[in-house]
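Here's the structure we're looking at; comments come further down.
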Amino acid sequence: MIDGKTKQPLEFATVVLKNTETEALSGGLTDLRGNFKIATPNATYEISIKYISFKSIVFPAESVNSSKDFGTISLYEDSNSLNEIVIVAEKTTVNIRLDKKIFNIGKDLSIRGGNASDVLGNVPSVQVDVEGTVSLRGNENVTILIDGRPSALVGMNGAEALRQIPAEAIEKVEVITSPSARYDAEGTAGILNIILRKNKLVGFNGSLQLDLGNPLKTGTAFNANWRTEKLNLFTNTGFRYNTNPGNAYSDSKYLSTNAQNARVLEERRFGRQGRSLFTSFGATYFLTANTSIVGNIVLNGGKDNDLNTNKIQRFDALGNTNERTKRTEAKSEDEQRVQYTLDYLNNFDGTGRKLSINTQYSAEIERALNTITEIDTPSKILNDLEQVKNDQDETQALLQIDYVHPVGESIQYEAGFRGNYRDIFNSFYLAERKDFENEGPLIPDTGLNNSFNYNEFVNAAYFQYGQKFNKISLLAGIRYEFTSIEIAQQTATTEDKRKYGNFFPTANLGYEFKDGENITLGYNRRIRRPRGRSLNPFPSRSSESNLYSGNVSLNPVITDALDIGYLKRWNKFTLSTSLYYNISNNNWEWIQENTGMLTDNGDPITKKFPINLSTEERFGFEFTLNYKPFRSWNINSDFNIFNITSTGDYTSNATNVNQNFDFNNTAFFIRLNQKITLPGKTDLQINMNYRGPSQNAQTKSRSVFRMSIAASKDLFNERASLSLNMSDLFNSSISRRSTLLPGFLDQSFEFQWREPQINLSLVYRFNQKKKTNISSASANGDGEGL
C-alpha cells in the first residue's frame, strides 16, 4: 500500500473484509512498509481499503478460497473531502509493539485544559503522585523524552516543567518498559516518550480551545496545520493562567530529652499564581517523493508569583507553648525554554530502507527570588528575614543518526549514533538579617552560598538486528555509551572529573500463538545518571528545620531488567499482562538524619539527601484490561503490584552512628477509567485511581485515592464540543507520610499540591468534522481507551 503521489508506504491503512453472505466484518492494518497479510475462512468477500484523508478503494465481491496477492495498491489524497475529514485520535487507542506500547491521546475529557502531568496520569503503568513525580510501575527513575529525545522542555525540575506543557499539544505517549538498543540507556524503570502534535491533513485545518476553571484558571489552546504537495506547516500554541492553592501539615516530635522544643507543628498554605505560554512552530518540506526536511521551534515561558505561609507552634516536653511564629515566603520565578530541531529523513526507494539525521539545541533559564520573613505571632515582632536567589541554566545539544536496512521481508538491520551534550549551572545566594533591633543589613551566608557547574557528554553507538521466523519475532541489539562528566563548585579547590563506558545489551522476543494472542520476553540493561535535584547541593529554605539537598558525590546506578508479557484479544475484551524483575546495584536512597544543629528558635535541624546505599530488587506483576460490553460503554483498568527488597548500611557523618537500612515492601496501584456515550451526543467519563500504602527504611506512606468526572456534549453539527470536568472529586488526593528516626524524631507529614478543581472547556474545529467510520483500533482488535 503506497501513497500514489509520493510513493511512500502507508502504515496503519485499514483493510476491511465484508462477508457478502453473513455481513460479518473482519480485516487488519498495513505494517510499517505498507504490507498486509490477513488469514480468513473461504467465502465471498467485498474488500475495501481506507486511509484517513485518502480516497477509499472498493474491490468487487469475489470468492476467496486460496492465497491472493493484490500487488502494489496506490491510494490518492481526497482534496475534495476537507469538510468530511476524520479527526485524528478522536478516540484514545493502544498499539502494542514488540518493544513498547503506544497510547494515542484522543478525546480524553478529564485532561481538557490540563497539562502533560494530567495526560501521563491517565496512561496505564504510569503513576503521577501528589507532588507531580512521575513513576513507571512504581519506579520513579523513568526517562521522559520529547519526540524521542532528551529535551529542555522536561527541564531540570521535571514535575514543574511537565505542568507547563498543555495537554492539547500532545499527540501520543509511548510507554517503553523494555527499550531496544536504539533508545538511550538512561532510566532504570524505562522510557516515556511524549510525541507532540504535528498534523498532516491536506489543506488548512485545526482547532481552538478556550478554558475557564475554579480556583481561577483561564487558558487557550490553538493547533492548526496547512499542507500542500511540497510543504506542511503546523503549530501548537497555548496560554495558561493558573491559581493552584495547596497545603501541607507536619507534626514533629523530638525524642531527645534535652531538646528545647519537644514538639513543632507546621501548617502551610501555598498560594500559587502562574502564567505560562507554550508555542511550537514547525514545517516539513518534501524535497522528493521519499526525502523530507523537518524544522521545529518550541518556546515555553512561565512566570510565577507565589505567596506561601507557614504557621509554626513550638511546645516544651510538658505540652506548654514555647513560641508561635508565622513564616512567609514570597517567591517570584521566571522560566524560559527554547528548543530548535532540524531533521532530515530519506526513505530511499520506499522498501523500508531509511536514513534519518536529527539535530537539536535547547536552552533553559530559571531565575528564582525568595523573600522569607518570620514574625512572633503574639508580639508581631520580626525575628527572621532572609533573601534567597537561586539561578539555574541548562543547555543541551544533540546529534543523532539512524539507519535502517531491511533484507527481504523478514530481516531488518539498524545502526546509529547519538552524541548528547548537557551543561547545567546552578548558583545559590542567601542573605540574612542578624541585627533586628537596629534594622541591620542583610548579611550573606558564606557557609551556604555556592555555585556548581555540571558538564556531561554522552557518546553512544548501537547496532540491532530484527527478524521474523513464522510466528516468532526477534529484536536484539547492543548499545555502548561513553560518559564524560566534569563537576566544578565555587567552594571546591579542584574539579571532579569522571569518565566511564558501559555496554547495554537488549533483547526482545515475541511469539504469536494466533492473531490477537502473543507472548513477549524482554531483557535490557539500564543506567541512572545523577543530575538536577539529585546533585544540587543547595538546601531548600521553606522550612528552617527540614532541609532538602542533593549530593554531588552520587555515582550512577546500573539496572538489569527482565520482562515477560502476554496479550490476548477477544471480541469485546483485551487483556495485557506482564511479569517483571529488576535488580539495581549501588542504588540511591534518600536519607533523613539529624544534623546536630539548631535553628535560631531552638528547633533541631534534619536534612534529607540521596546517597549510593543499597542493592535493590523489584519483582512485580501488572495487567491492563479493556472491556467494551456495549458500543456506548468503554471500560479500561490497569493493576500493578510489586515487591521491593533493599539491603544497605549507612554511617552518619553527623553522629558517626551506623544504621541498617534494609527493608522489604509490597505495594500496588489500580486505575479504573470508564467512558459512557449518552443520548444527545453527550459523553460521560469517570476516572478512579488508588495507590496502596508503601514504606522504606525510614518512612511509611499511606494510601491515596483520587476520582475525577467529566462530561462533554457536541454542538454546531459536531464542529464544537463543550466539556466540564471536576478533578479530585472527594478532595482525597493527599500524600500522608510518617518518618521515624530512632532516638531523635517521630514525624508525620501531609501534603496536597493541588486542591480540587472544576474546569469548563470549549473546543471549536474548523475544516474538520467528526465522522463515524471503522477505526484502526477496531479493525485489528487493539484495545480502545478513553
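The values are calculated or read from the model by the stated rules, or taken from the named source; none is laboratory data. The model shown is predicted, which means the values in this text are computed figures rather than measured ones. Don't worry about glycine lacking a Cβ; one is built from the backbone with ideal geometry, like all the others, and counts go over all protein chains shown.
Scan region 637-658 for residues that are within 22 Å of Lys608 (Cβ to Cβ) and surrounded by fewer than 17 Cβ atoms within 10 Å (Cβ to Cβ) and the total you get is 10.
Condition check: surrounded by fewer than 16 Cβ atoms within 10 Å (Cβ to Cβ) and closer than 30 Å to Asn383 by Cα. Does Gly447 satisfy that? Answer is yes for this residue.
Within region 236-270, the set of residues being in contact with a Gly (Cβ under 7 Å, 6 or more places away or on another chain) and in a strand (DSSP E or B) comprises Gly238, Phe239, Arg240, Tyr241, Asn242, Phe270.
Screening the candidates Glu593, Glu589 for the property of being within 30 Å of Asn322 (Cα to Cα), of a type in the set (Asp, Glu), in a strand (DSSP E or B) and at pLDDT 85 or above yields one hit, Glu593.
Scanning region 308-361 for residues that are in contact (Cβ under 8 Å) with a residue 60 or more places away in the chain and within 26 Å of the chain's Cα centre (by Cα), we see that the one that is farthest from Pro604 (Cα to Cα) is Asn358. So which residues in region 373-430 are touching a Ser or Thr at 6+ places or on another chain (Cβ under 6 Å) and of a type in the set (Asp, Glu)? Passing the criteria: Glu374, Asp376, Asp391, Asp402, Asp423.
Arg529 - would you say it is out of contact with any Cys (no Cβ under 7 Å at 6 or more places or on another chain), of a type in the set (Lys, Arg), within 17 Å of Val552 (Cβ to Cβ) and in the same structural domain as Asn586 (by TED's automatic domain parsing)? Considered against the rule, which asks whether it is out of contact with any Cys (no Cβ under 7 Å at 6 or more places or on another chain), of a type in the set (Lys, Arg), within 17 Å of Val552 (Cβ to Cβ) and in the same structural domain as Asn586 (by TED's automatic domain parsing), Arg529 comes out as yes.
Listed here are the residues, each with its yes/no results for (1) closer than 30 Å to Gln490 by Cβ; (2) among the acidic types (Asp, Glu); (3) surrounded by fewer than 16 Cβ atoms within 10 Å (Cβ to Cβ); (4) modelled with pLDDT under 85.
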position: Arg418; (1), (2), (3), (4): no, no, no, no
position: Asp435; (1), (2), (3), (4): yes, yes, yes, yes
position: Asn453; (1), (2), (3), (4): yes, no, no, no
position: Phe457; (1), (2), (3), (4): yes, no, no, no
position: Ser473; (1), (2), (3), (4): no, no, no, no
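Each residue in region 454-482 was checked for being in contact with a Lys or Arg (Cβ under 7 Å, 6 or more places away or on another chain) and either among the acidic types (Asp, Glu) or closer than 24 Å to Asp423 by Cβ (or both), and 3 of them qualify. When Leu265 is tested against the conditions (1) hydrophobic (A, V, I, L, M, F, W, C); (2) within 32 Å of the chain's Cα centre (by Cα); (3) at pLDDT 90 or above; (4) more than 29 Å from Ile758 (Cα to Cα), the lone failure is (2). Among the residues making up region 699-747, a single one is surrounded by fewer than 16 Cβ atoms within 10 Å (Cβ to Cβ), in a strand (DSSP E or B) and touching a residue at least 60 places away in the same chain (Cβ under 8 Å): Asp746. Picking from Phe204, Phe222, Phe239, which residue would you name as being over 25 Å from the mean Cα position of the chain (by Cα) and either within 24 Å of Leu729 (Cα to Cα) or surrounded by fewer than 21 Cβ atoms within 10 Å (Cβ to Cβ) (or both)? One residue alone meets the criteria, Phe204. Checked against (1) in contact with a Gly (Cβ under 7 Å, 6 or more places away or on another chain); (2) more than 27 Å from Ile583 (Cα to Cα), Ile641 meets all criteria but (2). Every listed requirement among (1) modelled with pLDDT of 70 or more; (2) polar (S, T, N, Q); (3) surrounded by 17 or more Cβ atoms within 10 Å (Cβ to Cβ) is met by Thr20 save one, (3). Each residue in region 507-523 was checked for being crowded, with 16+ Cβ neighbours inside 10 Å and either in contact with a Phe, Trp or Tyr (Cβ under 7 Å, 6 or more places away or on another chain) or of a type in the set (D, E, K, R) (or both), and 3 pass.
Among the residues of region 685-697, just one is hydrophobic (A, V, I, L, M, F, W, C) and in contact (Cβ under 8 Å) with a residue 60 or more places away in the chain, namely Ala697. With respect to (1) polar (S, T, N, Q); (2) part of a loop (DSSP other than H, G, I, E, B); (3) modelled with pLDDT of 90 or more, the lone exception for Thr218 is condition (2).
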